[in-house]
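A.B. asks: Below you will find the structure I want to go over with you.
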Ligand code: NAD
């Protein structure tokens with residue numbers, strides 16, 4: 001099965017070989033949620049957690065599936081399914097994005113909700129984990145239809161979300177505009193509630209710095225990891241898969257810091273330049289002039305799959321899940337992988353990277369900048385107060401540096417790779433909070 005598809009599939013099932021993993025869980029196919037659970041169970045094993053508590057920590061608190069019917073602009077009916085999974089709220093309200101995509105299903109929502117629980121615990125913001133979305137291709141709907149669909153979704157789930165209950169945010173194919181509709185619609189039921197969603201526009205109770213936050217967090221993560229190895233961002237060759245919110249901000253910020261961005265891709269294809277791209281120029285071309293990355297003049301067009309294995313020091317998958325697999329992991333030339341996307345690495349690829357000494361900076365740390373600044377946005381909403389952008393960025397940097405230092409401590413204490421250290425740290429925190437709050 002060829003996995004590095006330039007397809008619109010968000011995440012794919014991966015056919016596994018029966019040779020890479022020790023233990024009884026050798027199986028033919030692993031879904032996104034099974035991959036997440038595999039990594040969580042590595043932490044459970046290291047911490048020797050008992051079977052009942054494993055079930056408690058692994059199982060989502062609530063899963064909601066709703067039918068959504070709208071009248072389309074031409075008078076016909078549109079029929080869709082929406083999901084919200086609330087994984088754990090021990091450390092704070094459920095928190096996580098909403099995705100609009102044909103591949104949204106309960107398995108992806110479970111996987112991503114669980115990752116949010118561990119991410120918020122690791123980065124140290126007082127939230128739990130949630131995720132959801134609507135099974136829809138938003139590009140096939142008009143803006144008015146999307147608004148009606150979003151409002152129908154909130155009609156269906158408004159009583160299980162809220163500023164102190166569950167706080168959605170943007171994810172793939174949702175943005176500040178969608179968040180504004182949710183804020184407005186929820187407020188019709190419950191009164192003025194900007195804190196019900198994050199990722200709103202700055203003009204409508206959003207936070208300065210939120211748009212760039214995930215990419216900026218990735219840049220901080222890379223800087224910390226390189227510093228630890230006595231290396232600098234300056235001159236480092238970086239390849240980035242995905243040129244949307246996260247990928248383009250990471251590219252822009254790393255370029256400013258002197259990194260050479262040698263490869264870029266989006267759904268239209270990939271481009272390579274060994275000398276490094278002028279990112280502001282690529283941004284202008286892609287977003288203001290041509291609306292496509294691959295037509296950037298003078299660039300060598302390469303296959304999207306080849307980006308993952310191109311000559312570079314750092315590979316940053318910033319698009320979709322399960323793109324680094326046992327099929328390409330041995331060909332990856334990067335020494336560092338910064339998981340800007342959620343779940344880009346399969347269990348097999350992770351094992352291969354560990355064996356090859358490639359440092360994988362896991363998603364629950366690398367892309368935690370987004371939820372960190374979402375927390376700052378929520379805090380500002382609750383306080384009815386606005387922070388300056390440099391205050392937001394400084395606080396984000398503190399969170400990323402602190403979490404990196406904690407990860408190094410855990411790696412050292414247990415002699416484990418960074419992904420396992422991230423899950424061990426997060427699981428320890430949620431477990432402790434669960435025990436202190438009590439389960440009766
Ligand atoms: P986005 O929709 O803004 O951008 C996605 C980019 O990926 C686009 O450039 C798209 O063309 C590209 N893409 C899609 N399929 C591709 C493929 N097969 N090959 C190459 N490129 C492809 O989304 P985003 O907000 O940048 O999110 C990207 C990833 O980061 C997702 O996994 C998301 O869950 C994760 N993430 C996002 C945030 C955030 O704050 N936006 C926070 C944490 C994690």
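A.B. asks: Using only the alpha carbons, work out the radius of gyration and Dmax of the stretch 61-204 in angstrom.
C.D. replies: That works out to 14.3, 48 Å for Rg and Dmax.
A.B. asks: Take the Cα atoms of the stretch 213-366, build their convex hull, and give its volume per residue in Å³.
C.D. replies: Spelled out: Cα convex hull of the stretch 213-366, divided by residues, is 93 Å³.
A.B. asks: Also, quick follow-up: Return the percentage of antiparallel bridges among DSSP beta bridges fully within the chain, rounded to the nearest 5 %.
C.D. replies: On the way: 26 of 49 bridges.
Close to 55 percent.
A.B. asks: Still on this structure: Which value in nm describes the separation of the simple spin-label points at residue 440 and residue 230, placed 7 Å from the Cα toward the beta carbon?
C.D. replies: 5.7 nm
A.B. asks: For a label point 7 Å from the Cα of residue 142 along Cα→C-beta, name the residues of the stretch 59-73 whose backbone N is under 15 Å from it.
C.D. replies: 70-73
A.B. asks: Next question, about the same structure. Take the alpha-carbon centre of the stretch 112-153, take the same for the stretch 359-401, and report the distance between them in whole Å.
C.D. replies: Comparing the Cα centres of the stretch 112-153 and the stretch 359-401, I get a distance of 18 Å.
A.B. asks: Okay, moving on. Find how much the distance from residue 354 to residue 175 grows on full extension, using 0.36 nm per residue of separation minus their present alpha carbon separation; answer in nm with one decimal.
C.D. replies: Answer, rounded to one decimal: 60.9 nm.
A.B. asks: Based on the Cβ-Cβ distance of residue 409 and residue 203, what FRET efficiency does E = 1/(1 + (r/R0)^6) give at R0 = 35 Å, to the nearest 0.05?
C.D. replies: Values: r = 41 Å, r/R0 = 1.18.
In this case the efficiency is close to 0.25.
A.B. asks: Based on alpha-carbon positions alone, could you give the equivalent ellipsoid semi-axes of the chain from the gyration tensor, as √(5λ), descending, whole Å?
C.D. replies: The equivalent ellipsoid of the chain has semi-axes of 30, 27, 22 Å.
A.B. asks: List 248, 142, 187 from most exposed to least, where exposure is judged by having the fewest other Cβ atoms within 10 Å.
C.D. replies: Ranked by crowding around the Cβ, least crowded first: 142, 187, 248.
A.B. asks: In what sequence, highest mean first, do 213-224, 30-41 appear when ranked by Cβ atoms within 10 angstrom?
C.D. replies: With the highest mean Cβ count within 10 Å placed first, the list reads 213-224, 30-41.
A.B. asks: Okay, moving on. For the stretch 213-366, what proportion of DSSP beta bridges, expressed in % and rounded to the nearest 5, is antiparallel?
C.D. replies: Values: 7 of 22 bridges.
Percentage antiparallel, nearest 5: 30.
A.B. asks: Restricting to DSSP H runs of at least four residues, report the calculated mean residue ellipticity at 222 nm for the chain, -39500 (n - 2.57) per run over all residues, nearest 500 deg cm²/dmol.
C.D. replies: Values: 14 runs with 188 residues, N = 440.
About -13500 deg cm²/dmol.
A.B. asks: Relative to the present Cα-Cα distance, how much length would full extension add between residue 388 and residue 274 at 0.36 nm per residue of separation?
C.D. replies: My answer for the length gained is 37.3 nm.
A.B. asks: I've got another one for you. Full extension from residue 187 to residue 256: what is 0.36 nm times the residue separation minus their Cα-Cα distance, to one decimal in nm? Present the calculation step by step, with values, prior to reporting the outcome.
C.D. replies: Values: separation 69, 0.36 × 69 = 24.84 nm, distance 4.02 nm.
Residue separation times 0.36 nm, minus the Cα-Cα distance, leaves 20.8 nm.
A.B. asks: Next question. Only Cα pairs under 8 Å and at least 6 apart count here; give the relative contact order of the stretch 213-366 as a rounded whole percent.
C.D. replies: The normalised contact order for the stretch 213-366 reaches 21 percent.
A.B. asks: When you count, for each residue, the other Cβ atoms within 10 Å and take the mean per peptide, how do 101-110, 237-246, 325-334 rank with the highest first?
C.D. replies: Listed from highest to lowest mean packing, they are 237-246, 101-110, 325-334.
A.B. asks: Can I ask one more? Of all beta bridges DSSP finds with both residues in the stretch 61-204, what is the antiparallel percent, to the nearest 5?
C.D. replies: Numbers: 17 of 25 bridges.
Restricted to the stretch 61-204, the bridges split so that about 70 percent are antiparallel.
A.B. asks: Could you rank the peptides 149-156, 254-261, 360-367 by their average count of other C-beta atoms within 10 Å per residue, with the highest value first?
C.D. replies: Details: 149-156: 20.8, 254-261: 19.2, 360-367: 27.9.
Most protected by this proxy first, the peptides run 360-367, 149-156, 254-261.
A.B. asks: Springs between alpha-carbon pairs under 10 angstrom, Gaussian network model over the chain: which of 387, 181, 118 fluctuates most?
C.D. replies: 387
A.B. asks: Over what distance in Å are the Cα centres of the stretch 426-440 and the stretch 266-314 separated?
C.D. replies: Their Cα centres are 45 Å away from one another.
A.B. asks: Right, something else. Determine the relative contact order of the stretch 261-324: mean sequence separation of Cα pairs under 8 Å and six or more apart, normalised by residue count, in whole percent.
C.D. replies: Working: 73 pairs, mean separation 21.7, N = 64.
Across the stretch 261-324, relative contact order equals 34 percent.
A.B. asks: Output the relative contact order of the chain, whole-number percent, from Cα pairs under 8 angstrom with separation of 6+ residues.
C.D. replies: Rounded, it is 17 percent for the chain.
A.B. asks: Per residue, what volume in Å³ does the Cα convex hull of the stretch 295-416 take up?
C.D. replies: Normalising the Cα hull of the stretch 295-416 by residue number yields 157 Å³.
Read-outs: derived from the displayed coordinates by stated rules, not from any lab. Predicted model only: the values in this text are computed from it and were never measured. Cβ: placed from backbone, ideal geometry, glycine included. Neighbour counts: every protein chain shown.
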